[in-house]
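*Asks:* Just dropping this structure here.
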Amino acid sequence: MMLQIPSLIDSRQMEIISAALAEAIFIDGKLSAGIHAKKVKSNQEIDQTTDTAIQLSKIIIGNLYNSSIFRSAALPLHTATPFFAKYGIGMKYGDHIDDPVMGEGQRFRCDVATTIFLNNPDEYEGGELVVRTPFGDQMVKLAAGDAVVYPASSLHHVKEVSKGNRIVAVTWTQSMVRDASRRELLHELNLAREKLMQTSPDAEETAQVDHSYTNLVRMWAEV
């Protein structure tokens, strides 16, 4: 399931993020890449240990966990410290699948990938995120502050930038529910559940859907 989250980061926070990014020092993105990724990855990233990266990470993670869409779709158990990446002219990231397990201290399984766009699409040409799905390639290029969530197991790439700079934050989540198809089912069921709770809070069918959702999470969750 691919899912867009509009305005994950509001305009006020985007001003803070943009100012910090303008002053940040970017280093070779291959330094954080695995053996295969080094062959196809061409970008720059902020060192995650810097104060800038730490402060920006708090904003990103806080907004993700405050997003009802993200919580419903990802059912997050653990979310990694984001990488802040810049793609200049000629940079790209070839076809790859994200590592199944990440982390140096606390190890976690990568079930869900999230890309948060940190500058507007009219500021650069190329740089589309392309996710290969059973229904064909899905190309994503969103407004600053918008995010896209997709299975980390998906084959995907970033097209070459031909003008300007593409700037994004990328993070990965271990979900309480490992299977992507089950997460999708639960997300759709939760949407119906929330609508029923708003429109018919005292109806018998609302309680039935609520109980079914709750017990399916209980059945499938790994915590």
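All of the numbers you see were taken from the coordinates with simple rules; none came from a lab. Please read all numbers here as calculations on a predicted model, not as lab measurements. Reconstructed Cβ throughout: ideal geometry from the backbone, glycine too, with neighbour counts over all protein chains shown.
*Asks:* Can you sort ASP179, ASP202, ASP210, ASP111 so the residue with the fewest Cβ neighbours within 10 Å comes first?
*Replies:* Placing the least packed residue first, the sequence is ASP202, ASP179, ASP210, ASP111.
*Asks:* Which shape class applies to the stretch 180-220: rounded if a/c is under 1.5, otherwise prolate when a/b exceeds b/c and oblate if not, where a ≥ b ≥ c are the square roots of the Cα gyration tensor eigenvalues?
*Replies:* Here the stretch 180-220 falls in the oblate category.
*Asks:* Now a separate question. Please work out whether the stretch 133-176 counts as rounded, prolate or oblate from its C-alpha gyration tensor, where a ≥ b ≥ c are the square roots of the eigenvalues and a/c under 1.5 means rounded, while otherwise a/b larger than b/c means prolate and anything else oblate?
*Replies:* Oblate, because a/c is 1.5 or more while a/b does not exceed b/c.
*Asks:* Okay, moving on. If neighbour count is taken as other Cβ atoms inside 10 Å, put ILE89, ILE35 in order from fewest to most.
*Replies:* Lowest count first: ILE35, ILE89.
*Asks:* Just name one of GLY94, VAL131, ILE60: the one whose Cα is farthest towards the positive end of the charge dipole of the chain (beta-carbon charges, Lys/Arg +1, Asp/Glu -1).
*Replies:* In the chain, that residue is GLY94.
*Asks:* Another question about this same structure. By how many degrees, 0 to 90 and rounded to 10, does the Cα axis of helix 180-199 deviate from the longest principal axis of the chain?
*Replies:* With both axes taken from Cα atoms, the answer is about 60 degrees.
*Asks:* Are there any GluC sites (Glu not before Pro) in the stretch 112-162 that are in a DSSP loop and have at most 15 other Cβ atoms within 10 Å? List them by number.
*Replies:* Sparse-neighbourhood loop GluC sites (Glu not before Pro): none present.
*Asks:* Now for a different question. Of the listed pairs LYS30/LYS163; LYS58/LYS195; LYS41/LYS163, which have alpha-carbon separations greater than 29 Å here?
*Replies:* Pairs exceeding the cut-off: LYS58/LYS195.
*Asks:* Using Stokes-Einstein with the Kirkwood hydrodynamic radius over Cα pairs, what translational diffusion coefficient do you get for the stretch 1-102 at 25 °C and a viscosity of 0.890 mPa s, in µm²/s rounded to a whole number?
*Replies:* 160
*Asks:* Report, to the nearest 10°, how far helix 204-220 tilts away from the longest principal axis of the Cα atoms in the chain, using its own Cα long axis and a range of 0 to 90°.
*Replies:* Relative to the chain, helix 204-220 is tipped by roughly 50 degrees.
*Asks:* To continue, here is another question. Picking from ILE25, VAL168, ALA221, whose Cα lies most toward the positive end of the charge dipole for the chain (charges on Cβ: Lys, Arg +1; Asp, Glu -1)?
*Replies:* Ranked along the dipole, the leading option is ILE25.
*Asks:* Further, regarding this structure: With a cap of 16 neighbouring Cβ atoms within 10 Å, and only residues DSSP puts in a loop, list the trypsin sites (Lys or Arg not before Pro) found in the stretch 126-223.
*Replies:* Passing sites in the stretch 126-223 are ARG178.
*Asks:* Also: Run the simple label-point estimate for ASP10 and SER162 please: 7 Å along Cα→C-beta, distance reported in nm.
*Replies:* Going by the 7 Å Cα→Cβ label model, 3.8 nm.
*Asks:* What is the Cα radius of gyration of the chain over 2.2 N^0.38 Å, N being its residue count?
*Replies:* 1.06
*Asks:* Mind checking the dipole of the chain: about its Cα centre, +1 per Lys or Arg Cβ, -1 per Asp or Glu Cβ, Debye to the nearest 20?
*Replies:* 520
*Asks:* Could you calculate the contour length gain from ASP202 to VAL101, that is, 0.36 nm times the residue separation minus the distance between their Cα atoms, to one decimal place in nm?
*Replies:* 32.0 nm
*Asks:* Which FRET efficiency value, to the nearest 0.05, do you get for SER32 and GLU123 by plugging their Cβ-Cβ distance into 1/(1 + (r/R0)^6) with R0 = 25 Å?
*Replies:* 0.55
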